[in-house]
Structures are given as structure tokens and as C-alpha cells.
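Student: This is the structure I want to talk about, given as C-alpha cells.
The values are calculated or read from the model by the stated rules, or taken from the named source; none is laboratory data. Just so it is clear, the structure is predicted and the values come from calculations on it, not from any experiment. Counting neighbours? That spans all protein chains shown, and the Cβs are built from the backbone with ideal geometry, glycine included. Accessible surface areas use protein heavy atoms only, side chains included; no ligands, DNA or RNA. Shrake-Rupley method; radii C 1.70, N 1.55, O 1.52, S 1.80 Å.
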Amino acid sequence: MTHHTTSFIAGRHVPSINTYANIDPATGRELGEVGRGTADEVNQAVEAAARAQKEWKTSSPEQRAKLLVAVGQLIQENREKLARIESEDTGKPLTQAYADVDVCARYFEFYAHAIESYYGHTIPLGDGMHAYTRREPYGVTGHIVAWNYPLQLVGRAVATSLATGNCAVAKPADETPRTTVLLAELVAQAGFPVGAFNAVTGLGAEAGAALAAHPGVAHLGFVGSTQTGSLIAHAAADRVIPTVLELGGKSANIVFPDADIDAAVPSLVRSIVQNAGQTCSAGSRLLVHRDVHDQVVDAMTQTMNTLTVGRGTDDPDLGPLISAKQFERVNGFLNRLEGGSVVCGGAAPEGLSDDVKGGAFFAPTIVDGVDPASEIAQEEVFGPVVAVMSFDSDEEALALANGSEYGLVSAVWTQNLSRAHHMVNNIEAGQVFVNTYGAGGGVELPFGGFKKSGYGREKSIEALDEYTQTKTVVMKV
């Protein structure tokens with residue numbers, strides 16, 4: 001069954017003159033047509049959001065909280081539909097799609113509760129002076145999100161924006177527009193002002209660029225590649241507006257010889273095969289002490305060789321990559337490999353059923369003995385491919401962990417408390433986990449990068465600061 005997906009602006013569906021095909025990554029067949037929005041649709045959406053914001057900015061935290069909770073409830077009521085659409089569009093296993101729906105609902109619930117406890121400050125200036133700060137919304141926020149976690153990414157941005165009194169326009173990724181449009185419908189259904197949240201479908205170079213450049217957008221958020229993030233940052237700088245960028249990653253799991261290997265291996269595997277490795281925080285580098293190298297790599301290989309591969313809606317362990325184009329990108333890293341050895345995977349998996357042989361599947365892959373300066377150790381593959389490097393000392397491990405232009409997530413596996421603190425204090429990353437790994441989820445945890453992984457923070461209470469501006473008031477009394 002195919003579908004026609006259109007933009008949702010000011011509480012109604014708005015068709016575009018032109019469309020493009022939405023492709024099922026598991027089969028290569030068409031799922032339906034998607035409206036190819038232009039600058040005109042973007043302008044309609046921004047104007048609708050601006051009208052809604054005039055009313056919404058005067059709402060009380062209690063009013064916002066009630067409506068945000070209502071959206072969370074509607075998301076849960078539509079859990080089956082949202083998960084199936086997300087699985088079809090992205091190819092991810094249905095279990096992971098259900099988790100994404102639950103996390104999206106959690107964002108609305110979390111910020112519904114958080115906004116009622118979000119205050120300004122009083123500043124002591126002495127007798128006769130009353131000084132305080134107010135946190136005020138920017139106005140219309142624009143959001144351009146990636147295709148790997150479309151519902152989670154748009155949910156966390158829009159929930160924060162609405163909670164703080166802004167109104168929003170989102171441009172979902174070309175490949176995964178449907179859950180964003182459905183979320184916009186649910187926000188309208190919950191009772192928000194008409195146009196409080198609008199979704200414009202289309203191509204990044206057209207609708208996305210128009211949203212980034214629109215003079216009515218007061219704040220920009222982007223999730224995607226570092227290269228595109230740089231363009232978004234330039235667009236924001238041209239108009240002197242703030243932006244939050246969550247960009248690429250080359251995150252490292254660092255395994256020391258005193259680690260609990262049996263406990264670590266499931267997380268090491270999950271961190272690279274979750275969502276077929278198409279996660280900015282994927283554990284794509286494995287730094288393992290030479291004394292336990294063989295034990296760790298062998299255990300991971302055994303686990304990876306047992307993973308099931310198939311269509312996301314059949315709920316395997318591993319679904320397809322997002323597209324044939326992404327398959328070619330991932331495959332190119334293996335074809336260009338210089339040094340290192342492929343321990344498992346390295347190509348399309350064998351034994352796929354006939355109905356998915358046209359899909360963009362890539363087998364879970366371990367490349368051992370990688371040169372730390374090589375392409376596969378430095379560049380974001382965005383597939384289920386982990387690059388393994390060995391070390392002999394704590395300082396060598398630290399140098400390898402920081403030897404990347406990215407700094408999104410890292411994990412340390414050790415039973416030594418002093419070593420753990422030393423590594424945590426010196427690793428250059430926005431999140432560091434010890435004896436666990438947190439790719440995805442973590443609504444309460446500030447999330448964002450160091451270095452070329454971006455700037456600003458999503459999730460947690462800190463995100464409320466990103467979506468508001470401080471006004472300082474000084475009164476002589």
C-alpha cells in the first residue's frame with residue numbers, strides 16, 4: 001500500500017506541485033510520493049508559526065504543560081502506527097522503532113514537567129535596587145533533522161521549543177518525512193494554537209535551504225553531517241541568529257584489561273549495530289588493550305555472526321541501511337581499505353530472502369588492526385562497521401580516543417575507579433560513559449558535541465536554556 005505525504009501547515013495538509021518517491025530501504029520499491037516543498041511552502045509555514053507565537057508566548061507554564069502532556073498521550077495512542085511508519089521509512093527493526101516512539105512521547109512529558117520549574121534569577125545589587133532575569137522565547141524556531149531517528153530528533157526539538165513559548169517549523173529528512181507530518185497532526189489535535197508546529201516536506205537543497213535562510217526564523221537547529229552543519233551555521237551567521245548543531249561522531253569504546261568483558265561485549269556490539277550503525281553516537285571505534293584484544297574481538301565476532309538480518313517490520317536484529325546510496329558509501333570504505341583486516345562482514349550479507357534482495361543491507365563488520373590515521377579510523381562511516389585499534393598504556397588509550405576531529409560520545413570499560421576518573425576528565429567528548437554505553441535515548445542527559453561534533457545541547461534541562469534568551473531587568477526602588 002503506497003501513501004502520498006504532504007506538508008502540514010497551519011493545521012491542514014498542503015500539497016506541493018511536484019513530488020518525489022519515498023523508497024523502502026528493505027526492498028528498493030516505492031512506498032509512495034512525497035510533496036517536494038519549495039520556498040513558498042516554507043514561507044507559509046514560518047508565517048503560520050509567527051501568527052501562532054503571538055498567542056503562545058503569553059501562555060502560562062501550566063497551560064503549556066497540559067498541552068505537552070496531551071501530545072505525549074496522543075503519541076502513545078498512535079504508537080503502533082508511528083512505529084510501523086518509522087520502521088518502513090528507515091528500515092530499522094520494529095523493536096527499535098517502538099523505542100523511538102516511546103522516547104518521543106517521553107520528550108513531551110519531560111518538558112511538560114520541566115517547564116513549570118524553570119525560573120529566572122534574582123541578583124543582589126544592594127538596597128534600593130531590584131535586579132532579576134527573565135527567560136524569554138526567540139519566536140519561530142526552525143528544525144532540519146536527519147533520517148536516522150526522525151521521530152526522536154524532531155520530538156526533542158519541538159517539545160523544547162513549544163515548552164519555552166516558541167513555535168516551530170520542521171523540515172524532515174527527504175527519506176523519512178511521514179512520522180514528522182503525523183506528529184504535526186497530533187500537536188494540532190492536542191489543542192495547540194493553529195500553526196504552532198508545521199512540517200514542510202521536501203529536499204534539503206530546496207526546502208531545507210529555504211528554511212535555514214528565512215528571515216522570519218529566529219533560531220535554527222540542525223542534526224546531520226558536519227559538512228551540512230557548516231552550511232547551516234553560515235546561514236545562521238548571515239542573519240546573526242543562534243543555532244544548535246548536533247553533527248557527526250567517531251565515538252570510542254575503550255576497553256581496559258580489568259574490564260568485565262562478558263558484561264561489555266553486548267554493549268560493544270549494540271553500540272555499532274543499533275539502527276544499522278546509522279547513529280551519530282555509534283561506538284564506531286573500539287580501542288582495546290592488547291592483553292584482552294583477542295578475547296574481545298573473538299567474542300564480538302561470535303555475537304555478530306548470530307545476528308538476524310531482514311526487513312525492519314519483521315523485527316530482525318539488523319535492518320537495512322537507509323538507501324542504496326548509503327550502501328555505496330559504506331561499501332566504499334571497505335573497498336578503499338588500506339591495512340587492517342576484515343574479521344567479519346565487510347559486504348552485503350548472504351542468504352537474504354528473495355523479497356528483500358533489492359534492499360540496502362550491509363553485514364555487521366569488524367575491521368581489526370586499523371591504522372589510527374586511516375580513513376576508516378577517522379571518517380564517519382555511518383554503517384554497522386567498527387574499527388579496532390590496540391593500545392598498551394592508559395596514556396596511549398587517551399591519545400587514541402582524542403585522536404579524532406569529532407567528540408560526541410565515548411565509553412570507558414574498567415573496574416579501576418582512579419583510571420575511570422582520569423579518563424573521564426581527559427576525554428574530549430560531550431558524553432562519557434563508564435561500564436555502559438548510551439547511543440540514543442537518555443532524555444534527561446545533556447547531549448551535544450565537542451570539536452566538529454557540533455555545539456549547543458539538546459535533551460535535559462540544559463536544552464531549555466538553548467531555546468530561550470535572557471533578559472536582565474534592573475529597577476531602582
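Student: Pairs LYS81/LYS171; LYS66/LYS250; LYS357/LYS451; LYS250/LYS459; LYS66/LYS451; LYS325/LYS459: which are spaced more than 29 Å apart, C-alpha to C-alpha?
Tutor: Result: LYS66/LYS250; LYS357/LYS451; LYS66/LYS451; LYS325/LYS459 exceed 29 Å.
Student: Moving on to the next point. How far is helix 324-335 tilted, in degrees, relative to the longest principal axis of the Cα atoms in the chain, given as a value from 0 to 90 rounded to the nearest 10?
Tutor: Approximately 40 degrees, to the nearest ten.
Student: Can you list the trypsin sites (Lys or Arg not before Pro) in region 329-361 that are in a DSSP coil and have 10 or fewer other beta carbons within 10 angstrom?
Tutor: Filter output for region 329-361: ARG336.
Student: Separate question: Give me the percent relative contact order of the chain, please, defined on Cα pairs under 8 angstrom at least 6 residues apart.
Tutor: Computed over the chain, the figure is 19 percent.
Student: Share of the chain's accessible area from carbon and sulfur, percent, 1.4 Å?
Tutor: So the carbon and sulfur contribution to the accessible surface is 51 percent.
Student: Full-extension gain between HIS422 and ARG270, please, as 0.36 nm times their residue separation minus the C-alpha to C-alpha distance.
Tutor: Here the answer is 52.2 nm.
Student: Right, here's the next one. Under the rule of at least 5 residues apart or a separate chain, name every residue whose amide H is placed under 5 Å from the amide H of PHE391.
Tutor: HN-HN under 5 Å from PHE391: VAL288, HIS289, ARG290.
Student: Let me ask something additional. With a/c under 1.5 counting as rounded, go ahead and sort the chain into rounded, prolate or oblate using the C-alpha gyration tensor (a ≥ b ≥ c being the square roots of the eigenvalues; past the cut-off, prolate if a/b is larger than b/c, else oblate).
Tutor: Details: a/c = 2.04, a/b = 1.30, b/c = 1.57.
Taking the square roots of the gyration eigenvalues as a ≥ b ≥ c, the chain is oblate.
Student: Take the Cβ-Cβ distance between ASP262 and ASP355 as r, set R0 to 45 Å, and report the resulting FRET efficiency rounded to the nearest 0.05. Don't jump to the answer; show the numbers that get you there.
Tutor: Working: r = 37 Å, r/R0 = 0.82.
Step by step, r from the Cβ atoms, then E = 0.75.
Student: Multiply the residue gap between ASN435 and ASP465 by 0.36 nm, knock off their C-alpha separation, and tell me the result in nm, one decimal place.
Tutor: Here the answer is 7.8 nm.
Student: Starting from the Cα gyration tensor of region 183-251, take the square roots of the eigenvalues, sort them a ≥ b ≥ c, and report rounded, prolate or oblate (rounded when a/c is under 1.5, otherwise prolate if a/b is larger than b/c, else oblate).
Tutor: prolate
Student: Residue by residue through region 371-388, which ³J(HN,Hα) values in whole Hz follow from phi under the Karplus form 6.51 cos²θ - 1.76 cosθ + 1.60 (θ = phi - 60°), with glycine and proline marked x?
Tutor: 6, x, 8, 6, 4, 6, 8, 10, 9, 6, 6, 6, x, x, 10, 10, 9, 9
Student: What residues from region 107-145 fall in the zone where the backbone N is under 15 Å from a label point 7 Å along the Cα-to-C-beta line of LYS57?
Tutor: Residues 134-142 fall inside that zone.
Student: Alpha carbon centre of region 299-358 versus region 152-228: separation in Å?
Tutor: After rounding, the separation between the Cα centres reads 32 Å.
Student: In addition: Work out which GluC sites (Glu not before Pro) in the chain are exposed loop sites (DSSP not H, G, I, E or B, at most 14 other Cβ within 10 Å) and give the longest gap free of them.
Tutor: In the chain, the maximal stretch lacking such sites is 1-337.
Student: On to the next question. Residues with amide H under 5 Å of GLU33's amide H, sequence separation 5 or more or different chain, H placed in the peptide plane at 1.01 Å from N; which?
Tutor: HIS3, HIS4, THR5, ASN22
Student: So what's the gap between the Cα centers of region 372-405 and region 111-148, to the nearest angstrom?
Tutor: Between the Cα centres of region 372-405 and region 111-148 lies a distance of 39 Å.
Student: At a Förster radius of 56 Å, what calculated FRET efficiency corresponds to the Cβ-Cβ distance of ASP127 and ASP238, to the nearest 0.05?
Tutor: 0.75
Student: Using label points projected 7 Å from each Cα along Cα→Cβ, tell me how many nm separate ASP294 and VAL473, to one decimal.
Tutor: Label-label distance for ASP294 and VAL473, simple model: 7.1 nm.
Student: Per residue, how much accessible area does the chain have with a 1.4 Å probe, in Å²?
Tutor: Computed with neighbouring chains in place, this is 39 Å² per residue.
Student: Could you tally the net charge around LYS171, taking each other residue with its Cβ under 13 Å from the Cβ of LYS171, Lys/Arg +1 and Asp/Glu -1?
Tutor: -3
Student: Going by alpha carbons, how many degrees (0 to 90, nearest 10) lie between the helix axis of 178-190 and the longest principal axis of the chain?
Tutor: Taking Cα atoms only, the helix is inclined about 30 degrees.
Student: Let me ask you something else. Given axes a ≥ b ≥ c from the Cα gyration tensor, I'd like to know whether region 1-105 is rounded (a/c under 1.5), prolate (a/b larger than b/c) or oblate.
Tutor: Here region 1-105 falls in the oblate category.
Student: Between ARG12 and GLN227, what length comes free when the chain is fully extended (0.36 nm per residue of separation minus the Cα-Cα distance, one decimal in nm)?
Tutor: 74.0 nm
Student: Okay, moving on. Helix 226-238: angle to the longest alpha-carbon principal axis of the chain, degrees 0 to 90, nearest 10?
Tutor: The two axes meet at around 20 degrees.
Student: Right, something else. What number, rounded to the nearest 500 deg cm²/dmol, is the helix-based mean residue ellipticity at 222 nm of the chain, given -39500 (n - 2.57) per DSSP H run of at least four residues and division by all its residues?
Tutor: Taking each H run of at least 4 residues, the total per residue is -11500 deg cm²/dmol.
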